[in-house]
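The values are calculated or read from the model by the stated rules, or taken from the named source; none is laboratory data. Remember, predicted model here, so these are calculated numbers, not experimental data. Note: ideal-geometry Cβ built from the backbone for every residue, glycine included; neighbour counts use all protein chains shown. Just the protein is used for accessible areas: all its heavy atoms, side chains included, with ligands, DNA and RNA removed. Shrake-Rupley method; radii C 1.70, N 1.55, O 1.52, S 1.80 Å.
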Amino acid sequence: MAHAVEQWHEVLLQQMPRGRAWPRDPESDLAKYVRGFAKSLVDCEVSADQLYLEMRPETTVQLLPDWEEYLGLPECAVPNQTFESRRNAVIEKYHRKGGLQTWQIEALALALGFTVEVREHFPHHVLRPVTYPIWPNRWRYTLEVVVFGLTDWRFRVTDTVITPLKTQTALLLECTLSRYKLGGFTYEYVYEV
């Protein structure tokens, strides 16, 4: 917390030598000279307080580009990202733990602001119950990612020609998840409203 100009002024005046050449009355040149330094020190303290907030990705504002550079972001070239989505990406990557289990993929998507359910389709074998579905062979290395609550995710017949086939939000999710998938696996995205 920054000190007042008067507090700094008093401290600086106490550091000055004593004597007739160094008058301490408020209208003296020395007091006016020291007051200028006191204002600079207050500005330094305010700047230091703001820098304190920049030390954590959750509260960063001014140093967001530096955090992104440090963490290698953006991972996906998605234009027109909001400040909050950029900061959420920084927070998520800074606190990320390893692993690619389905629950960890869901946690990664949740940290980016998406609600998803990852479904794994295992092949049928003799130890499974009779009611277990027989999935086609293509599901052997495919995870089904069901995305909930994303309303503007895909091009519709009523949209104009300049509307992209997928929105930037959907592209951000797909690009980020595809960067962290297991080798040889693919994701199939299903968007449910």
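Any idea what the dipole of the stretch 62-193 comes to, in debye rounded to 20, about its Cα centre with Lys/Arg Cβ at +1 and Asp/Glu Cβ at -1?
Using only the charged Cβ atoms, the result is roughly 400 debye.
Cut-off 10 angstrom, C-alpha nodes, Gaussian network model of the chain. Which of ALA89, ALA77, ALA109 fluctuates the most?
Sorting by GNM fluctuation, first place goes to ALA77.
With +1 on the Cβ of every Lys and Arg and -1 on the Cβ of every Asp and Glu, and nothing else charged, how large is the dipole of the stretch 1-137 about its Cα centre, in debye rounded to the nearest 20?
Dipole magnitude for the stretch 1-137 comes out near 260 debye.
Mind checking the stretch 41-145 for trypsin sites (Lys or Arg not before Pro) that DSSP puts in a loop (not H, G, I, E or B) and that have at most 14 other Cβ atoms within 10 Å?
ARG96, LYS97
Jot down the radius of gyration and Dmax of the stretch 1-64, Cα atoms only, both in angstrom.
Considering the stretch 1-64 through its Cα atoms, Rg and Dmax are 16.3, 54 Å.
Considering only ASP43, ASP29, ASP66, give the residue with the highest GNM mean-square fluctuation for the chain, with springs between Cα atoms whenever their separation is below 10 Å.
ASP29
For the chain, modelled as a Gaussian network with Cα springs under 10 Å, which listed residue fluctuates most, PRO123, PRO17, PRO74?
PRO17
Quick one: Karplus J couplings for the stretch 63-68, per residue in order, coefficients 6.51, -1.76, 1.60, θ = phi - 60°, nearest Hz, x for Gly and Pro?
Residue by residue, the stretch 63-68 yields 9, 4, x, 5, 4, 4 Hz.
With bins 10 Å wide starting at 0, give me the P(r) of the stretch 107-149 over every alpha carbon pair, in whole percents.
Spelled out bin by bin, the stretch 107-149 gives 26, 37, 26, 11 percent.
In the P(r) worked out for the chain, what percent of Cα pairs fall beyond 25 Å?
Value for the chain: 59 percent of Cα pairs lie more than 25 Å apart.
With a cut-off of 8 Å between alpha carbons and a minimum separation of six or more residues, what is the relative contact order of the stretch 41-193 in percent?
21 percent
Per the Kirkwood treatment, what hydrodynamic radius in Å, one decimal, follows for the stretch 60-164 from the mean inverse distance over all distinct Cα pairs?
Evaluated over the stretch 60-164, this radius sits at 17.2 Å.
Spin-label point model (7 Å from Cα, Cβ direction): what's the GLU84 to ASP29 distance in nm?
5.7 nm
With every protein chain present, what accessible area does THR186 have (1.4 Å probe, heavy atoms only), rounded to the nearest 10 Å²?
60 Å²
What list of ³J(HN,Hα) couplings, whole Hz, do you get for the stretch 120-128 from phi and the Karplus terms 6.51, -1.76, 1.60, once you set θ to phi - 60° and write x for glycine and proline?
Once rounded to whole Hz, the list reads 10, 9, 8, x, 7, 8, 5, 7, 7.
Under the Kirkwood approximation applied to all pairs of distinct alpha-carbon atoms, what is the hydrodynamic radius of the stretch 3-112 in Å?
Computed over Cα pairs of the stretch 3-112, the Kirkwood hydrodynamic radius comes out at 18.0 Å.
Which of ILE91, CYS175, VAL46 sits farthest toward the positive end of the charge dipole of the chain, with +1 on the Cβ of Lys and Arg and -1 on the Cβ of Asp and Glu?
CYS175
Kindly express, to the nearest 10 degrees and within the range 0 to 90, the angle between helix 83-94's C-alpha long axis and the longest C-alpha principal axis of the chain.
For 83-94 against the chain, the angle is about 80 degrees.
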